[in-house]
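Notes follow once the structure below has been shown.
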Amino acid sequence: VVIWANTRDGEGRVIESGIPNTPASRTDVDLKPGERVLAINDRRITPTTNVWELLNGTVGEKITLLVRSTDGKERTVVLRPISPADFRRARYEHWTKRNRQWVEEQSRGELGYAHIQGMGELNEYEFIRQLHAAAYGKKGLVIDVRFNGGGSTTDYLLAILMAKRHAYTLSRGGEPGYPQDRLPLYVWTKPIAVLC
């Protein structure tokens, strides 16, 4: 639920960062960067303590943490650890949200951002959803395939990204019409940049 700092100085373990939408970010727990977790279930954390051993087998069960804030005050908090899969999902969602915000800010809202997590059927649908949500009305798109788990849908995704516009129409009101709303699959015909 938190990322530990890569340091072993002093008591306990230092929190490098927290992940939103996890038990550590709840308002009654509110673990923050720089705070130290001194004990887990009344077992003190020393420089040689394996924290993962203390947390092993506690998914979904109440545990107590003794935490020292950056101003030196200590408090006890209670939370239920999540599974490694739930942690990876929360961390991924936080990472992609930060990337999307950064692209939006740096481009002054002119570029969309989409991450392709893998090359499976569900990833295809998620990419199409992102094209509708994150890229709609944008002048270009940043497609991020870093840390992609692989798979076999490359040709399908390339068909979406490499389609050539064969027609363009405007309605009497001036809005774009055919062919986008009648194509067999959603296509992106504007500029892209790909992060590999």
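The values are calculated or read from the model by the stated rules, or taken from the named source; none is laboratory data. For clarity, every value in this text was computed on a predicted model and none was experimentally measured. Here the Cβ is made from the backbone with ideal geometry for all residues, glycine too, and neighbour counts use every protein chain on show. Remember, those area values only see protein heavy atoms, side chains included, never the ligands or the DNA or RNA. Shrake-Rupley method; radii C 1.70, N 1.55, O 1.52, S 1.80 Å.
So what's the back-of-envelope 222 nm ellipticity for the chain, counting only DSSP H runs of four-plus at -39500 (n - 2.57) apiece and dividing by all residues, rounded to 500?
-8000 deg cm²/dmol
Let me check something: with ligands and nucleic acids excluded, how do Trp188, Trp102 order by accessible area (1.4 Å probe), largest to smallest?
So, going from the largest accessible area down, we get Trp102, Trp188.
At 1.4 Å probe size, with every protein chain present, just tell me what the per residue accessible area of region 81-196 comes to in Å².
67
Given a Förster radius of 41 Å and the C-beta distance between Val51 and Trp102 as r, what FRET efficiency does 1/(1 + (r/R0)^6) yield to the nearest 0.05?
It comes out at approximately 0.85.
Answer rounded, prolate or oblate for region 81-143, using the Cα gyration tensor with square roots of eigenvalues a ≥ b ≥ c: rounded when a/c is under 1.5, else prolate when a/b is larger than b/c, else oblate.
It is oblate, given that a/c is not under 1.5 and a/b is not larger than b/c.
What order, most packed first, do the peptides 31-40, 7-16 have when packing is the mean number of other Cβ atoms within 10 Å of each residue?
31-40, 7-16
Which order, highest average first, do 70-78, 124-132 follow once you tally other Cβ atoms within 10 Å for each residue and take the mean per peptide?
Ranked from most to least packed, the peptides come out as 124-132, 70-78.
Write down the Kirkwood hydrodynamic radius of region 48-196, to one decimal in angstroms, obtained as one divided by the mean of 1/r over all alpha carbon pairs.
19.0
Rounded, prolate or oblate: which fits region 11-118, taking a ≥ b ≥ c as square roots of the Cα gyration tensor eigenvalues, rounded meaning a/c under 1.5, else prolate when a/b beats b/c?
prolate
Report, to the nearest 10°, how far helix 121-134 tilts away from the longest principal axis of the Cα atoms in the chain, using its own Cα long axis and a range of 0 to 90°.
80
When the scattering of region 1-44 is computed by the Debye formula from its Cα atoms alone, each counted once and equally, what is log10 I(q)/I(0) at q = 0.20 Å⁻¹?
-0.62
With θ set to phi - 60°, apply the Karplus curve 6.51 cos²θ - 1.76 cosθ + 1.60 along region 152-158 and write out the HN-Hα couplings as whole Hz, x wherever there is a Gly or Pro.
With the stated coefficients, region 152-158 comes to 9, 10, 3, 4, 5, 5, 5 Hz.
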